[in-house]
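Below is one structure, written out as structure tokens; comments come after it.
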Amino acid sequence: MNMPTLTELNTQDANDGIEQQVVGAVIDYQGEVLLLKRPVDDFRGGTWELPSGKVESHDADLYAALRREVSEETGLIIADITGYLGAFDYTSGSGKHTRQHTWSTTQRSVDPRQDVVLTEHDDQAWVTNTSAHPVSSEVQHLIDTHFTAVIS
């Protein structure tokens with residue numbers, strides 16, 4: 001799996017005029033991926049997504065932001081960042097040109113399905129496919145890329 005450096009990602013984002021970086025994680029446990037459901041009254045409310053969030057000014061780098069966001073949103077601790085899955089752009093609720101970078105990760109938890117603590121989302125689901133928990137085409141592509149890399 002291609003693993004660009006953080007410098008390469010930051011440089012590309014700057015060149016592309018990205019105003020806000022977001023990081024996301026595919027958390028896979030025994031072939032199931034964790035999805036989170038956004039609160040109905042939130043931006044993109046009611047949609048299913050990967051654990052993700054904004055890179056803040058106090059984050060040392062994208063990896064630090066990824067570790068912080070996964071911990072804040074799920075209570076899980078990333079053990080390893082195992083591969084870069086890609087990125088997609090969108091316009092945030094505040095109108096910023098935003099890019100979400102997403103990585104495959106492993107967790108320190110023996111069974112992360114039992115250890116998820118939601119702080120910002122209404123629901124969680126561990127899925128092998130997204131038919132019952134529809135996600136955006138961009139998130140679906142990232143999940144498909146993850147599973148293709150795992151099989152390879």
The range 8-71 versus the range 88-121: alpha-carbon centroid distance in Å: 4 Å
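Just to confirm, what accessible area per residue do you get for the chain at 1.4 Å probe, in whole Å²?
Per residue, the chain has 50 Å² of solvent-accessible surface.
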Most mobile listed residue (Gly24, Gly93, Gly46) in the chain, GNM with C-alpha springs under 10 Å: Gly93
Per-pair calculated FRET efficiency, R0 = 22 Å: Ser94 and Ala14 via Cβ, rounded to 0.05: 0.70
Along principal axes, Cα extents of the chain, largest first, whole Å: 40, 38, 28
Apportionment of accessible area to carbon and sulfur, the chain, percent (1.4 Å): 48 percent
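The values are calculated or read from the model by the stated rules, or taken from the named source; none is laboratory data. Only a predicted model underlies this, so the values are computations on that prediction, with no experimental measurement involved. Quick reminder, even Gly has a Cβ in these numbers, built from the backbone with ideal geometry, and neighbours come from all protein chains shown. Side chains are part of the model used for accessible areas, which takes the heavy atoms of the whole protein and leaves out ligands, DNA and RNA. Shrake-Rupley method; radii C 1.70, N 1.55, O 1.52, S 1.80 Å.
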